1. Only one residue in ALA41, ALA36 is at pLDDT 70 or above, among the hydrophobic types (A, V, I, L, M, F, W, C) and out of contact with any Cys (no Cβ under 6 Å at 6 or more places or on another chain), so which one is that?
2. Inside the stretch 99-143, can you point out the residues that are among the aromatic types (Phe, Trp, Tyr) and away from the ligand (no atom under 13 Å from the Cβ)?
3. Do the conditions hold for LEU93, that is, is it surrounded by fewer than 17 Cβ atoms within 10 Å (Cβ to Cβ) and within 16 Å of the ligand (Cβ to nearest atom)?
Amino acid sequence: MSKQDKAKTTEVEPSRRSFLTKLWIGLGFVALIEIAGIVIAFLRPRRPRLSETNSEAIITAGPVDSFTPGSVTAFIRGRFYLSRLEEGGFLALSRKCTHLGCTVPWIEKDKKFECPCHASAFDITGDVINPPAPRALDIYQVFIENNIVKVNTGKLIKRSEFRAEQVVYPEKKV
Ligand code: FES
C-alpha cells in the first residue's frame, strides 16, 4: 500500500467511526422515546370501553307480560338468553358453555340448551343436566322497573349451580 493510500484510509476511518457513533446515539434515542411511551401508556388510568359503561351494559328486554312462562328468548345484542320460568320468575343466562366456551343454542323441542361442541346440556335455569360442563351457565343481573325487564350485561355472575334466590320475580299486581 502506498503512502497516499494509507493517508486516505486514516482519513476515512474517523468519519466512518463518527457516523456509526451518531447512528448508535440516534437508535438509542428512538429506543428511549419508545420506552417512555410504553411507561406513560402503562401509568395512564384506563378509560372504560363503551361496552363496560353502564348505559351500554343495560339492555331493556321488554314488558314482563311479553315473555310467556316456560319460554327462552335470545338477545343477540346482549349475548344472553332471558329465561322465564314456569313460576313467572326471570333469569338472564350467558350463551357461553362453561366447558370450553362454545355458544350454546336453546333447543325448543327438547326444552334444553345443548352445546354443539361436546354435548353438554343445560335446563331452562341454566343448570347442568349433561356433562362435561362443570357448572351452570353464568348469569347476568336482572331487574324489573315499572313492569319492564332489564338486564345488566356489564357484569357476568359466575355460579356453580342454579339456586332459587337467583330468580327475579315481577312485582305482584294489586
Ligand atoms: S364447550 Fe360445551 S360441551 Fe364442551
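1. On inspection, the qualifying residue turns out to be ALA36.
2. Scanning the stretch 99-143 gives TRP106, TYR140, PHE143.
3. In short, no.
A quick yes/no check of all residues on (1) among the acidic types (Asp, Glu); (2) open to solvent by less than 50 Å² (accessible area, probe 1.4 Å):
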| position | (1), (2) |
| --- | --- |
| THR125 | no, yes |
| VAL142 | no, yes |
| GLU145 | yes, no |
| ARG159 | no, yes |
| ARG163 | no, no |
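The values are calculated or read from the model by the stated rules, or taken from the named source; none is laboratory data. Only a predicted model underlies this, so the values are computations on that prediction, with no experimental measurement involved. Using ideal geometry, Cβ is built from the backbone for each residue, glycine included, and neighbour counts are taken over all protein chains shown. Keep in mind that these areas ignore ligands, DNA and RNA; they rest on the heavy atoms of the full protein, side chains included. Shrake-Rupley method; radii C 1.70, N 1.55, O 1.52, S 1.80 Å.
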